[in-house]
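Down below is the structure, laid out as structure tokens.
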Amino acid sequence: MTFQVAKEKGIELRKRYLEEARRVVVKVGSAVLTMGAGLNHNVLENLARELTFLTQSGREVILVSSGAVAAGRKKLGLDGAVLRMREKQAAAAVGQASLMRSYEDLFGYFDQKVAQILLTHDDLSHRDRYLNVRNTMNTLLEWGILPIINENDTVSVKELRFGDNDTLGAMLTNLIDADAFICLTDIDGLYSGNPCTTTDVKRVHTVAEVNGEVESMAGNICGSNLGTGGMRSKILAAKMVAAKGGCSFIGPGREEGILQKLFSGELVGTFFLPQQEKMASRKHWIAFTLRPKGFLVLDDGACRALTGQGKSLLPSGIKEVRGVFGVGDPVHCLDKNGIAIAAGLVNYNSEEITKIHGCHTSQIEDIIGYKDSDEVIHRDNLVKL
């Protein structure tokens with residue numbers, strides 16, 4: 001397993017990165033926060049104590065918290081009921097108030113002020129709103145206030161959702177240039193095999209790179225509420241953070257003192273190292289925050305030009321246009337097997353690209369009546385995936 005780091009080297013690296021981490025995002029999921037149908041206040045109290053420990057050590061801390069729907073279910077007596085979307089949204093509205101009141105009371109006991117921010121994916125998809133969120137969070141941190149972030153479940157529908165708070169946590173880590181992303185869950189780390197079905201499996205202590213082999217290990221969990229998709233989202237979140245130069249951790253959220261153990265150098269959970277080559281903020285936003293509104297299928301020559309030579313995308317290399325999108329919208333570039341190799345912002349809309357695809361740049365104006373650019377996607381707005 002080439003992605004692993006030797007145990008002794010892993011201890012040394014995690015100590016170094018965590019000692020240097022001045023800004024930390026901690027994400028905690030419903031599997032940790034809830035007990036039965038409601039909130040587990042013992043866990044909430046331990047979390048408040050742990051995060052206060054981090055702030056008192058001189059670090060800035062942001063909490064990404066689930067639990068609003070579960071709290072609303074309990075308060076409304078909807079335990080076990082199958083809820084429709086609008087009912088989940090209503091339960092979230094009720095539960096969010098209870099969740100924040102619990103946090104405010106518990107953090108208040110440790111003299112730590114908190115603030116609430118509710119977001120949808122749309123808030124981070126528009127560059128100006130993305131930067132406004134960043135400015136607000138930076139101001140709260142300057143004031144010594146701990147921001148508590150959750151997806152705005154009350155208004156979120158499929159098109160506006162992050163999909164999970166792992167993705168939200170990773171996006172926020174990169175948004176505010178945090179040094180570390182800590183994902184607290186109901187498992188104690190990533191394993192080389194499924195401990196329930198395979199003998200001689202070992203916990204992976206330190207991951208140097210999230211590659212295909214690591215992603216395939218998402219199903220290696222036992223006795224957890226997480227399915228393969230749940231663990232996969234955590235691994236992909238670590239990959240997003242690594243691309244921007246941050247480190248990540250996946251570990252047991254209900255273990256008492258877990259953060260103190262982690263930051264004191266104990267070999268708990270699974271630690272993900274940052275990439276050595278850091279992706280620029282704007283390109284990271286294009287690659288990981290924006291959702292594609294369409295797809296361009298490319299020929300082999302164009303694929304090589306984009307991935308191996310750092311070139312722009314010209315109309316001659318496009319074989320097919322999929323979807324309806326406008327100028328400046330994000331699209332993904334696919335190879336002949338349908339694999340996304342790049343993401344970018346287009347200079348022409350889908351109708352225009354359909355007319356000019358496969359053509360030379362000198363023909364653009366004759367075909368659509370104008371030419372603003374030779375490139376369908378300029379390399380400054382293009383990111384290799």
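Structure values in brief
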| quantity | calculated |
| --- | --- |
| Odd one out for residue 87, checked against (1) part of a helix (DSSP H, G or I); (2) in contact with a Ser or Thr (Cβ under 8 Å, 6 or more places away or on another chain) | (2) |
| Condition met for residue 343 (buried (at least 19 other Cβ atoms within 10 Å of the Cβ) and in a strand (DSSP E or B)) | yes |
| Single residue of 95, 67, 80, 72 found to be in contact with a strand residue (DSSP E or B) (Cβ under 7 Å, 6 or more places away or on another chain) and in contact (Cβ under 8 Å) with a residue 24 or more places away in the chain | 67 |
| Elements of type helices (runs of 4 or more DSSP H) contained in the stretch 246-334, each with 3 or more residues being surrounded by fewer than 19 Cβ atoms within 10 Å (Cβ to Cβ) | 281-284, 300-308 |
| Yes/no for residue 80 being on the phi > 0 side of the Ramachandran plot and modelled with pLDDT of 90 or more | no |
| Helices (runs of 4 or more DSSP H) wholly inside the stretch 98-190 that include at least 3 residues being at pLDDT 85 or above and surrounded by fewer than 20 Cβ atoms within 10 Å (Cβ to Cβ) | 127-142 |
| The stretch 215-243 residues that are within 17 Å of residue 28 (Cα to Cα), paired with ones that are at pLDDT below 80 and part of a loop (DSSP other than H, G, I, E, B) (beta carbon under 7 Å, 6 or more apart) | 231/221; 233/164 |
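Let's see how each residue does on (1) touching a residue at least 60 places away in the same chain (Cβ under 8 Å); (2) hydrophobic (A, V, I, L, M, F, W, C):
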| site | (1), (2) |
| --- | --- |
| 245 | no, no |
| 266 | no, no |
| 284 | yes, no |
| 318 | no, yes |
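The values are calculated or read from the model by the stated rules, or taken from the named source; none is laboratory data. Computed from a predicted model, the values in this text were never measured in an experiment. Counting neighbours? That spans all protein chains shown, and the Cβs are built from the backbone with ideal geometry, glycine included.
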